[in-house]
Amino acid sequence: METTLLFFSQINMCESKEKTFFKLIHGSGKEETSKEAKIRAKEKRNRLSLLVQKPEFHEDTRSSRSGHLARETRVSPEEAVKWGESFDKLLSHRDGLEAFTRFLKTEFSEENIEFWIACEDFKKSKGPQQIHLKAKAIYEKFIQTDAPKEVNLDFHTKEVVTNSITQPTLHSFDAAQSRVYQLMEQDSYTRFLKSDIYLDLMEGRPQRPINLRRRSRSFTCNEFQDVQSDVAIWL
């Protein structure tokens with residue numbers, strides 16, 4: 001009887017040792033796996049750290065940010081000073097128009113200058129078909145209610161444009177363009193002259209990166225089918 005009890009006791013001890021052995025095996029495996037994962041994670045962090053420290057990485061990152069806009073200064077301070085004499089002188093100069101457009105983007109109101117540019121291009125239309133196509137595109141983009149880049153017009157001016165759009169002429173947008181021009185001259189232009197964009201140009205300093213809400217598509221008549229555009233000369 002004692003022999004039998006001793007036999008079963010030895011069996012239980014063996015089973016216990018086996019269980020302990022398997023626990024140790026599996027436990028060490030999990031621990032080893034955990035260690036390997038930590039090592040791999042550390043290696044990835046090190047590689048990423050080295051990548052971030054590379055100058056070319058920062059250059060690529062900066063160049064890919066659509067929310068920033070910076071360019072080399074090519075305007076002489078003397079020319080920039082002239083832009084402060086009148087709004088007309090600012091818009092009549094290619095770089096002045098571009099600088100003012102950059103400023104409007106910081107105020108989220110670039111649709112005003114884009115509409116003005118579109119109207120200038122529209123006045124160069126030739127033939128009834130081209131006039132009709134361009135007028136329709138301008139109306140749908142800038143004038144009609146809930147247009148993607150609707151400009152701020154009073155009810156009377158908007159009604160005048162709407163009534164003429166069925167049979168447009170080269171003067172269909174004159175009233176609306178004049179209204180937007182006045183808004184920019186009396187409001188945005190005065191703030192532009194106090195902005196860092198203008199002051200940097202006037203002092204001959206490099207232009208700073210500017211935070212933008214989004215990349216704005218400048219108006220282009222390439223959206224029209226079979227229509228040639230001269231809008232490129234304005235940008």
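The values are calculated or read from the model by the stated rules, or taken from the named source; none is laboratory data. As the structure is a computational prediction, the values presented were derived from the model and not from experiment. In this analysis, Cβ positions are derived from the backbone assuming ideal geometry, glycine residues included, and neighbour counts consider all displayed protein chains. Surface areas here come from the heavy atoms of the whole protein model, side chains and all, with no ligands, DNA or RNA. Shrake-Rupley method; radii C 1.70, N 1.55, O 1.52, S 1.80 Å.
Assorted remarks:
- Probe 1.4 Å - accessible area at residue 136, Å² to nearest ten: 100
- Once the Cα gyration tensor of region 75-201 is diagonalised, semi-axes √(5λ) in Å: 29, 15, 11
- Remark: region 75-201 carries a charge dipole of roughly 460 debye about the Cα centre, counting +1 on each Lys and Arg Cβ and -1 on each Asp and Glu Cβ.
- Region 117-173 - percent of accessible surface contributed by carbon and sulfur, probe 1.4 Å: 55
- Extension gain, residue 191-residue 95: 0.36 nm per intervening residue step, less the Cα-Cα distance, totals 32.8 nm.
- Among the listed pairs 89/194; 82/134; 141/194; 82/194; 89/158, those beyond 26 Å (Cα-Cα): 82/134; 141/194; 89/158
- Accessible surface computed residue by residue for region 75-201, with neighbouring protein chains in place and a 1.4 Å probe, gives 47 Å² per residue.
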